[in-house]
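**Student:** Attaching a single structure in structure tokens format; questions to follow.
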Amino acid sequence: MRKPVINRRNFLKAAGATGLAAIPVVIGGYSLLRSAHGELPPLGVPYVDDADLELFNAAPTAPILVILPESQSNPQRGYLTEILRAEGLNAFHVRAASTTTWASLDRYALVVVAEGDIGREQSDQLGAYLQRGGRLIAMRPGPELAALCGLAPVGGTTADGYLAVDSATGALGFPEVAVQFHGEADRHRLAGAEALAWLTAADGARTPYPAVTRVQVGEGQAVAWAFDLSRSVVLMRQGNPAWANQERDGRDGIRANDAFVDWIDLDRIALPQADELMRLFSRLIGDLLQAMLPLPRLWYFPAGADSMLIATGDAHDAPAAAVEDVLTRVEHYGGHMSVYYAPSLNDDLRRALKLARNLAGDLPAVGEALRGSRPTPADIRRWSARGHEFGLHPYVEEGLEPGWGRYWQEFTGLGYGPVSPTVRTHRILWNGWSETARVQAMHGIRMNLDFYHYGTAFQKPGGEWVNGHFTGSGLSMRFVDEQGRLLNIYQVLTQLVDEHLMKMPWGGGWPDYTVDQALEVSRELLTRCATGGYSALCAQFHIDPFALGGEWQANFGRWMEGTLAEAAARGFPIWSAYAWMRFVEVRQVALLTDIVWESQAGRLAFTLDAPIAEDLSLELLLPQQSGGLSLESATLDGQPAQTRVRRVSGQEWAALAAPAGRRRITAEYR
């Protein structure tokens, strides 16, 4: 059948047949026909540009230097800078090994060397730096650097194994069970170093080979990791690249979680394993600098929050009343929500008619008589004014870029634009290892929620269902591609999924839980967030059951409200993905600069320089102890500041709220 030609005559003819002839073709000063055609996605550069790290390198001083040696085998080694920022250690410079001034390392309290080759001369320079009191962390050091770190290679590697801390040297706030790592760990014997952690079997049985070590070198100290932390974190978060585009969970459609089947140990899924490894890294940085400098850091979440609940809900051409019902329930618990909306597809003429009806429905007096049941642009403006997000939920079955093009055009043609910068794809379909993230970043999307706890991948062979963090993380960090290029888009894991836990009209409900059983899963995950598994826990509350009404609305409404109530009772902010993205982006580029430690006076002073965002408040963590001194008081912009104790990785910190912007902080130690 020929597609109807859209022109003014045909539009007026169709409008008259639907009772819309009285609506002008030009509404609000723009052409309805032109507007209904919609827009195509923008095409930008998806990668993080050099200015991102130059922001940090431009700081005149920094206590930490990250050196990136050449490496043909590990393009992800530079992800160390993302780990530092995720851990709130936003006070570093980063240099390629070839541009490092090796004779001037003394200006840094700590040097971190990523995996890769450095020569004998550079190893000698690091040795001299350590002799003078410097601190070093080396990732998977080569033979010369390993010898400097008190290790002797014995040959061979351990791939995708486990590690556990040595209780004799202190737990370091690390889990008592063995934790997974990915990549290869070199096998060494101790040759002067002490083991902080050992390579182990899955059950924790220790091998003869250390995983993390520490050694005294002259006046300084060196820590070595047998494997590369950055590569392990990337592979744990994004799955096995060798399994990209493979159907592995037995469910129709390739999703992100297919790359995690037999990659995540289901006995460890309750732990945010990648986050625990990063916390071990930051804990060791603090320990190395403890006698030299009480290094401040940024907390993961807004001031006062122990963890977060990110509320989202996919909607498939759902009526406005159902969306309003869900948003009102979220507001009852002081929260805000992201709705990811998939409108039905139309040709240009039908879309123009829908847009006309939507716009007419927003007119005073006549609106209620003309409007349909679907959301109008005015509905979206009202929801946005109340703090909610209304984003796109594209179908990509026909192909990644064609799907994005069609749904972007439909969404904007209905007047729902501009398209919000966070997204979840329909059926959470995923292309390649990082291709979906690349295309979304190219279209201006800055946060992705397609990593999604759903299906039979999360059932043990004995039948038990497990819940937790299959990416090993409850934090939001940027994607990286196979060549090690950072993508300008953050990954968010959706841990709590209604259609996984309970049956939906279209199926799912793999464990087939009752509402009470599903609520117990929510309580269990939120309890872990409050007891050391700090997370921005993301929940999927589909709008569709609320559109169906009856028992569907009652059951899913009870689960949703029970989850929200549990989060609110624990004091967890309930945010939309858009609000969370704004916070993450502000925190990501916040700098801790002008750090001055007067050890004799016991006075620490530094500047927090973050983008101004009047509605966002960061939280600074100050070490309670440093070099035998204890924190006595702190000021923010010259005024006395209240602090509260926060315990992280077995250490006590003083937490200090700091509104985003440029702030000067001082702390007195006695």
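**Student:** For the stretch 334-348, what are the residues that are buried (at least 19 other Cβ atoms within 10 Å of the Cβ) and over 16 Å from Trp408 (Cα atoms)?
**Tutor:** Gly335, His336, Met337, Ser338
**Student:** Of all residues in the stretch 531-578, which are surrounded by fewer than 21 Cβ atoms within 10 Å (Cβ to Cβ), under 18 Å from the mean Cα position of the chain (by Cα) and assigned to a helix (DSSP H, G or I)?
**Tutor:** none
**Student:** Continuing with the same structure: Going through the stretch 645-668 one residue at a time, which ones are surrounded by fewer than 19 Cβ atoms within 10 Å (Cβ to Cβ) and over 26 Å from the mean Cα position of the chain (by Cα)?
**Tutor:** Result: Arg664, Thr666, Glu668.
**Student:** Right, another one. Would you please list the contacts, defined by Cβ atoms under 9 Å and residues six or more apart or on different chains, that run from a residue in the stretch 121-133 that is free of Cβ contacts under 8 Å to residues at least 24 places away in the same chain and among the aliphatic types (A, V, I, L, M) to a residue that is surrounded by fewer than 13 Cβ atoms within 10 Å (Cβ to Cβ) and part of a helix (DSSP H, G or I)?
**Tutor:** Hits for this filter: Ala128/Ala103.
**Student:** Can you pull out the residues in the stretch 482-509 that are in contact (Cβ under 8 Å) with a residue 60 or more places away in the chain and buried (at least 21 other Cβ atoms within 10 Å of the Cβ)?
**Tutor:** The answer is Leu486, Leu487, Asn488, Ile489, Tyr490, Gln491, Val492, Thr494, Leu496, Asp498.
**Student:** Tell me the residue from Ala315, Ala305 that is within 18 Å of the chain's Cα centre (by Cα) and at pLDDT 95 or above, please.
**Tutor:** Every option except Ala305 fails the conditions.
**Student:** Considering only the stretch 409-424, state which residues are within 20 Å of Asn358 (Cα to Cα), of a type outside the set (D, E, K, R) and not in a loop (DSSP other than H, G, I, E, B).
**Tutor:** Gln409, Phe411, Thr412, Gly413 - these are the residues of the stretch 409-424 that are within 20 Å of Asn358 (Cα to Cα), of a type outside the set (D, E, K, R) and not in a loop (DSSP other than H, G, I, E, B).
**Student:** Can I ask one more? What's the number of the condition Glu520 fails, among (1) crowded, with 17+ Cβ neighbours inside 10 Å; (2) without any contact (Cβ under 8 Å) to a residue 12 or more places away in the chain?
**Tutor:** That leaves (1) as the condition not met.
**Student:** Here is a follow-up. Kindly provide the set of residues from the stretch 616-652 that are in contact (Cβ under 8 Å) with a residue 40 or more places away in the chain and within 23 Å of Val584 (Cβ to Cβ), ordered by number.
**Tutor:** The answer is Leu616, Ser617, Leu618, Glu619, Leu620, Leu621, Leu622, Arg646, Val648, Ser649.
The values are calculated or read from the model by the stated rules, or taken from the named source; none is laboratory data. Everything numeric in this text was worked out from a predicted model, so none of it was measured. Ideal geometry is used to build each Cβ from the backbone, glycine not excepted, and the neighbour counts take in all protein chains shown.
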